Amino acid sequence: MSCATCRYWGSAPLQAGQEFQEKTGGRPSWGMCRVHAPVVTDSDRRRVWPITRYDDWCGEFAIRAEEENG
């Protein structure tokens, strides 16, 4: 149970138009957690989701549908 297999986690660019370069096992090493609504940053008033590593985890894990179905 980690971010990489969570239904709320997905790859995301570091900046607009930029993909994460680093991959692990065919999946991005970094991604955005979308379990909750994005937060507004103080500096530029943009909305962002937390960026996490593929091997991070939390207490709100929910398995991806494709993982669940095999």
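Nothing in this text is a laboratory measurement; each read-out follows from the coordinates by a stated rule. Computed from a predicted model, the values in this text were never measured in an experiment. Neighbour counts are summed over all protein chains in view; Cβ atoms, including those assigned to glycine, are modelled from backbone coordinates with ideal geometry.
Which distance in nm do the two modelled labels at Val48 and Arg34 give, with both placed 7 Å along the Cα-to-Cβ direction?
Going from the Val48 label point to the Arg34 one covers 1.8 nm.
Find, among the trypsin sites (Lys or Arg not before Pro) in the stretch 29-70, those assigned to loop by DSSP (not H, G, I, E, B) with at most 15 other beta-carbon atoms within 10 angstrom.
Those that pass, being in a loop and sparsely packed, are Arg34, Arg45, Arg46, Arg64.
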